[in-house]
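Take a look at this one; I'll ask things after.
The values are calculated or read from the model by the stated rules, or taken from the named source; none is laboratory data. On a predicted model such as this, the values are computed, not experimentally measured, just so you know. Methodologically, a virtual Cβ is constructed for each residue, glycine included, from the backbone with ideal geometry; neighbour enumeration extends over all protein chains shown. Just the protein is used for accessible areas: all its heavy atoms, side chains included, with ligands, DNA and RNA removed. Shrake-Rupley method; radii C 1.70, N 1.55, O 1.52, S 1.80 Å.
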Amino acid sequence: MNQEQWETLVAVVRGETPRPLPTGFIIDCPWLPNWAGHTILDYFTDERMFLEDNLKAIRTFPKALFLPGFWSEYGMCTEPSAFGAASVWEQNEFPFAKKVLRSPAEVDGLERPNPRKDGLLPFVIKRLQHLEPEIERAGHSIRFAVARGPLNIATFLMGATEFLTAIKTEPERMHRLLSITTDFLVDWIAYQRECFPSIDGILLLDDIVGFVGRRDFESFGLPYLKRAFDADVTVKFFHNDAPCKACAPCLPDAGINLLNFGVQHTLGEMRAWTGDSITLLGNVPPRDVLGAGTPADVTRAVTDMLNATDFRSRLIPSCGGGMPPGVPTENIEAFVATVEALTR
Amino acid sequence: MSDVSSLSEAIERGDAKAAAAATRRALERGADPMSLVSEGISPAMTEMGRQFGEGDCFVPELLMAARATKEVFEILRPLLSQKGTKPVARVVLGTVRGDLHDIGKNLVGALLEGGGFEVTDLGVDVPPERFVAAVEHQKPEIVGLSALLTTTLPAMKATLEALRDAGIRGQVKVMIGGAPVTASYADAIGADGYAENAGTAVDLARRLIGADVASRSKGEPAT
């Protein structure tokens, strides 16, 4: 993200309403490598390819805000790898992490990793450090510390079914697990900020908070998210594209001021639930429209979304979730052009 | 409160011990095992599915109810088997090749079982040939395919093609579901149905079986 784009983002988050509104998308391995003509594994293992694919996207769509910009990513394996999770890599599929906890009791032996030396984290940091001069020369900066959220990491470590059952059967142990994942997250975010002083935002991705009810969120979600986001940065960005009606009213309490959510809810509903303090990034269907539709479908969906939304402040039109695989260039161009035309 | 009502309430609370106790008590008093399924378990899981679909109950509550149901079935299964009770239908369920996510599949399996279906869970990362083998050996009426990753959606199509190539596609209805799955994708790959969430999966399964029965009664081949 270049300085102008960052300032636009910050202005929107602070409540200014630029005309036209910016369009923003989360882009990462599900979309970017294949769009650029590469496999996911090549993208992860070739620094040049990683850099050039990101620059290609930025240059192809200069009017779009790509969030979080250049970031530390090895798919879903990044954080679990620090806990010792075996990572499975196939040529053109998302890498995934195998469980490390076979029962809730094994939480008792779980150690808090050191982000400076455990798992893939040093590689993630080094890759970005190697590329940082070129990123800067291209006019961009590393703006966000990025991580999976505390519940999301917990489910990678022990399985979603097991974790979500254990919060009912072994709540104390699950609190212990979440304390460890959150302590680790705090360290990991701090280390990213230490390595890249240009960072002024945090992005946490955690769909699991959408799977629990309000009371469970207040117990197992909110305190941990609040701690993970408790840093002196300008943008506190949260992604959860599971249904999140139950937790939405609590998200401002976690310090979040930018939210990307799923298509289960409209922008109007989310604004009503979260209040005016959170900037909403959404909410065109990513797969059915942006991925599988035509440019005309995209134009229609963006128009309908904006017509159905009676506010323009703290709004960044996007899709409901990250950019899905297979979205063609012309659909993104149609999205950006429609937002620009309708919000002048 | 009757034993059957106690059983339903225990399942809805996710209290496996109370559900098992209510089941044993009902059986001691001469209850028919099948009536405990149809009047105790099935309404409870239907209600949980309804609440889940409407956002009034969440995954942990559903998992706990599933756990309680499983405990009750451990008691009832041998008795149902002795009586030769037939399930509503048999379902073979699995998360498709390349995908290790099991939560959606587990929820659907629990709700189907609670609805009187006999469920064979093939687990996660199931290759097409294992679905084919399961259909050939177990002769289910329905195959359920689950996926969470967008990248594993093609494995759903590959599974349908494998069933077709093996000449057994017409023997089963195929329902699909999972976060990246949509109704239009189900249509595009030729699945028979799409469940938007676990709460709607049981209704879909019932509809698929009903449609099949109706078409057969008209002398038409099942498709």
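So, in region A:133-159, of the ones that are crowded, with 24+ Cβ neighbours inside 10 Å and small (G, A, S), which residue ends up farthest from the other protein chains (Cβ to nearest Cβ)?
A:A145
Where the second residue is among the aliphatic types (A, V, I, L, M) and open to solvent by 10 Å² or more (accessible area, probe 1.4 Å) and the first is free of Cβ contacts under 8 Å to residues at least 60 places away in the same chain and lies in region A:61-74, which pairs have Cβ atoms under 6 Å and are six or more apart or on separate chains?
A:Y74/A:L120
Residue by residue through region B:67-85, note down the ones that are open to solvent by 20 Å² or more (accessible area, probe 1.4 Å) and either in contact with a strand residue (DSSP E or B) (Cβ under 9 Å, 6 or more places away or on another chain) or assigned to a helix (DSSP H, G or I) (or both).
Answer for region B:67-85, where residues must be open to solvent by 20 Å² or more (accessible area, probe 1.4 Å) and either in contact with a strand residue (DSSP E or B) (Cβ under 9 Å, 6 or more places away or on another chain) or assigned to a helix (DSSP H, G or I) (or both): B:R67, B:K70, B:E71, B:E74, B:I75, B:R77, B:P78, B:L79, B:L80, B:S81, B:Q82.
Scan region A:110-117 and tell me whether some residue there is surrounded by fewer than 24 Cβ atoms within 10 Å (Cβ to Cβ) and within 24 Å of A:C319 (Cα to Cα).
No, region A:110-117 contains no residue that is surrounded by fewer than 24 Cβ atoms within 10 Å (Cβ to Cβ) and within 24 Å of A:C319 (Cα to Cα).
For every residue, the table says whether it meets (1) open to solvent by 30 Å² or more (accessible area, probe 1.4 Å); (2) closer than 29 Å to B:T69 by Cβ; (3) part of a helix (DSSP H, G or I).
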residue: B:G116; (1), (2), (3): no, yes, no
residue: B:V119; (1), (2), (3): yes, yes, no
residue: B:A134; (1), (2), (3): no, yes, yes
residue: B:H137; (1), (2), (3): yes, yes, yes
residue: B:L153; (1), (2), (3): no, no, yes
residue: B:L160; (1), (2), (3): no, no, yes
residue: B:R164; (1), (2), (3): yes, no, yes
residue: B:G170; (1), (2), (3): yes, no, yes
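Next question. Can you pull out every residue in region B:143-157 that is more than 13 Å from B:R169 (Cβ to Cβ) and β-branched (V, I, T)?
B:T150, B:T151, B:T152
Taking region B:24-54 as the search range and keeping residues that are out of contact with any Cys (no Cβ under 8 Å at 6 or more places or on another chain), within 14 Å of chain A (Cβ to nearest Cβ) and surrounded by 16 or more Cβ atoms within 10 Å (Cβ to Cβ), which one is farthest from A:G213 (Cα to Cα)?
Filtering region B:24-54 for residues that are out of contact with any Cys (no Cβ under 8 Å at 6 or more places or on another chain), within 14 Å of chain A (Cβ to nearest Cβ) and surrounded by 16 or more Cβ atoms within 10 Å (Cβ to Cβ), the one farthest from A:G213 (Cα to Cα) comes out as B:G53.
Which helices (runs of 4 or more DSSP H) does region A:246-344 wholly contain that include 2 or more residues that are within 23 Å of A:V13 (Cα to Cα), within 14 Å of chain B (Cβ to nearest Cβ) and aliphatic (A, V, I, L, M)?
Those helices (runs of 4 or more DSSP H) do not exist here; none qualify.
Looking at region A:85-109, which of the residues that are open to solvent by less than 60 Å² (accessible area, probe 1.4 Å), more than 14 Å from every other protein chain (Cβ to nearest Cβ) and in a loop (DSSP other than H, G, I, E, B) is farthest from A:E162 (Cα to Cα)?
The residue in question is A:L101.
Still on this model: Among the residues of region A:47-67, is there at least one that is under 22 Å from A:W188 (Cβ atoms) and surrounded by fewer than 16 Cβ atoms within 10 Å (Cβ to Cβ)?
Scanning region A:47-67, I find at least one residue that is under 22 Å from A:W188 (Cβ atoms) and surrounded by fewer than 16 Cβ atoms within 10 Å (Cβ to Cβ), so the answer is yes.
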